[in-house]
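Student: Provided herewith is a single structure, encoded as structure tokens, for subsequent inquiry.
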């Protein structure tokens with residue numbers, strides 16, 4: 001009986017340590033005109049291996065979040081149809097971080113003309 005209690009205590013301490021080293025990454029996406037960038041694909045990319053860790057989609061308010069992200073170095077890659085892909089600044093999560101500020105990313109739409117695709121500032 002004592003052995004089971006010790007194992008349970010060890011397991012609960014381990015879980016607490018794992019959760020402690022994880023953070024949430026939140027943010028919001030807007031267009032240049034300030035409107036929410038809805039239904040955008042947001043990918044959490046690990047550095048240096050450039051692998052997609054997780055994918056999320058922005059809400060109707062342009063908000064996104066990644067829960068319980070383990071310590072490491074990342075950036076966000078955002079894609080939306082008819083808009084240029086955008087990368088966030090580098091995000092580093094370690095055990096010393098108290099809070100990760102919400103990340104704001106502005107998407108730039110592209111337009112078409114006879115010679116090809118050109119950027120423009122209007123939605």
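The values are calculated or read from the model by the stated rules, or taken from the named source; none is laboratory data. This structure is a prediction, so every number in the text was calculated from the model and none was measured. Neighbour counts are summed over all protein chains in view; Cβ atoms, including those assigned to glycine, are modelled from backbone coordinates with ideal geometry.
Student: Considering only segment 62-111, how many residues are surrounded by 12 or more Cβ atoms within 10 Å (Cβ to Cβ), modelled with pLDDT of 85 or more and over 25 Å from residue 48 (Cβ atoms)?
Tutor: Looking only at that region, the number is 4.
Student: Enumerate the pairs (first residue in segment 60-71 and without any contact (Cβ under 8 Å) to a residue 60 or more places away in the chain; second residue anywhere and surrounded by 12 or more Cβ atoms within 10 Å (Cβ to Cβ) and part of a loop (DSSP other than H, G, I, E, B)) with beta-carbon separation below 7 Å, excluding pairs fewer than 6 apart on the same chain, so at least 6 apart or on different chains.
Tutor: Final answer for the pair search is 60/38; 62/37; 62/38; 64/58; 70/21; 71/21.
Student: What are the residues in segment 1-44 that are assigned to a loop (DSSP other than H, G, I, E, B) and modelled with pLDDT under 85, if any?
Tutor: Step one: filter segment 1-44 for residues assigned to a loop (DSSP other than H, G, I, E, B), giving 1, 21, 32-35, 37-40.
Of everything in segment 1-44, those that are assigned to a loop (DSSP other than H, G, I, E, B) and modelled with pLDDT under 85 turn out to be 1, 21.
Student: Restrict the check to segment 45-54 and report whether at least one residue is in a strand (DSSP E or B), touching a strand residue (DSSP E or B) at 6+ places or on another chain (Cβ under 7 Å), at pLDDT 90 or above and surrounded by 17 or more Cβ atoms within 10 Å (Cβ to Cβ).
Tutor: The answer is yes, given that some residue of segment 45-54 is in a strand (DSSP E or B), touching a strand residue (DSSP E or B) at 6+ places or on another chain (Cβ under 7 Å), at pLDDT 90 or above and surrounded by 17 or more Cβ atoms within 10 Å (Cβ to Cβ).
Student: Hey, can you tell me all the residues within segment 61-92 that are out of contact with any strand residue (DSSP E or B) (no Cβ under 7 Å at 6 or more places or on another chain) and in a strand (DSSP E or B)?
Tutor: none
Student: Oh, and also: Go through (1) over 19 Å from residue 92 (Cβ atoms); (2) touching a residue at least 24 places away in the same chain (Cβ under 8 Å) and name the single condition residue 81 misses.
Tutor: So residue 81 meets the others, but not (2).
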